Every structure is written in C-alpha cells, then in structure tokens.
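See below for the structure under consideration.
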Amino acid sequence: MSSKAFTPHHLYRPSSVHKPLTRKSGGGFTLIEILIAITVITLGIVGFYAAITRVASLTFSNSSRFVASRLAQEGIELVSNIRDTNWIKGTDWDSGLTNGDYRVQYDKDSLLTYSSVPLKINSDGFYNYDSGSPTKFTRKITITHISSVELKVKVQITWPGKGSPLEVEEHLYNWK
C-alpha cells in the first residue's frame, strides 16, 4: 500500500481567498454618505416648513389688510353720502361735517362721536357698533375743513397685528 502524505495543496481553495478585499462599485453606502443624505433631506424639510409658515402668516395679514381697506372705503363713502344728502335736503353741503374725529355707521344719517370701540359684525355681514360679534377693527374718521368749498376726510383703520394701521384720505368738494 502506498501512502501519500497529506499536504495542503491537495485542498480546494476558491480563487476569492487569494484576492485582497476591495470595494465593489455600487456595493453600498458609507456612513458619511448616509449622514450627508440625512442632512440634505432635513434641510429640505425645514425649508419647506419655513416657507409654508411664512405663506400662512402673509395670507392672514393680507386678509386683515383687505378687510381694513374695505372698511376705510366704506367710511369715505358714508361721509360722502352725508354731503350728498345735505344737497338733496337743500341744506349747507357741509352740515354735520365739522372738524373733528368721528365714527360712522352705514345705517345712521349722521356722524357718531369718536371712541375707540371696535366694530361689530352682524349676522348679515354688516359692520356696525350696535349689534353682532366684536371684531378686531376700529375705525376713526377725521374731518378737516381746507376751505369753504373743500374738506379733507381721513379714515384710519387699526387692528392688532402686522399692517396696522391703514389710512386713507379723500377730499370732498362743494361742486354744486
């Protein structure tokens, strides 16, 4: 019987055992790559949240400014209506429109003494001082006589928050 001595070269060795460890292309992500990706995603989410917050804030302040501009326009129109009613009645064009600060209401024939009472809004959507839910808006009408045929009407709408106050000025004339 012949005997062969056992030697290591008789064992099967896969060829990968002899190769040095190298990274295969596209094999996975390193820790640094993962951290950079998380940072980029986090910055994107924070930026998006900041933009949404800013848009919501601007929308809210713009809606208040819009309501204030309509209230100011109404104030000018109501004072102009008093002047026009004076003409129809045959009285002096500026009767009831003396220098000073006032409030005005759509269903009144004359100006009201000024106080910083907030306007109310009734169930029909009309702003007034008599009934309804209180709002954040106050309106002050300032009348100044410029000459015997001209008066300046300034309306100031105030509310808490950005954009306040809003002031509008109009000149009314005795053109009749």
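No lab work stands behind these numbers, since they all come straight from the coordinates. What you are looking at is a predicted structure, and each value in this text was computed from that prediction instead of being measured. FYI the Cβ positions are ideal-geometry reconstructions off the backbone, even for glycines, and counts take in every protein chain you see.
General remarks:
- Modelled this way, with points 7 Å down the Cα-to-C-beta line, the labels at T91 and F29 are 7.9 nm from one another.
- Vicinal HN-Hα couplings computed from phi for region 36-53 (Karplus, 6.51 cos²θ - 1.76 cosθ + 1.60; Hz; Gly/Pro x): 5, 4, 4, 4, 4, 5, 4, 4, x, 5, 5, x, 4, 4, 5, 5, 5, 4
- Förster-model FRET efficiency, 25 Å R0, T98 and V168, C-beta, rounded to 0.05: 0.80
- Debye intensity ratio I(q)/I(0), log10, region 31-173, q values 0.10, 0.13, 0.16, 0.19 Å⁻¹ (C-alpha model): -0.46, -0.65, -0.86, -1.09
- For region 31-173, the dipole from Cβ point charges (+1 on Lys and Arg, -1 on Asp and Glu) about the Cα centre works out to 400 debye, to the nearest 20.
- Calculated from backbone phi, Karplus (6.51, -1.76, 1.60) coupling profile of region 163-174 in Hz, x at Gly/Pro: x, 8, x, 10, 10, 10, 10, 9, 10, 10, 10, 8
- Modelled this way, with points 7 Å down the Cα-to-C-beta line, the labels at K120 and Y49 are 4.3 nm from one another.
- Formal net charge of residues neighbouring L172 (Cβ-Cβ distance under 10 Å; K, R +1; D, E -1): -2
- Table column - 3J(HN,Hα) (Hz), region 59-74, Karplus curve with 6.51, -1.76, 1.60, x for Gly and Pro: 4, 5, 5, 5, 5, 5, 5, 5, 4, 4, 5, 5, 5, 5, 4, 4
- Using the average count of surrounding beta-carbon atoms within 10 Å as a protection proxy, the listed peptides 38-46, 156-164, 143-151, 64-72 rank, highest first, as 64-72, 156-164, 143-151, 38-46.
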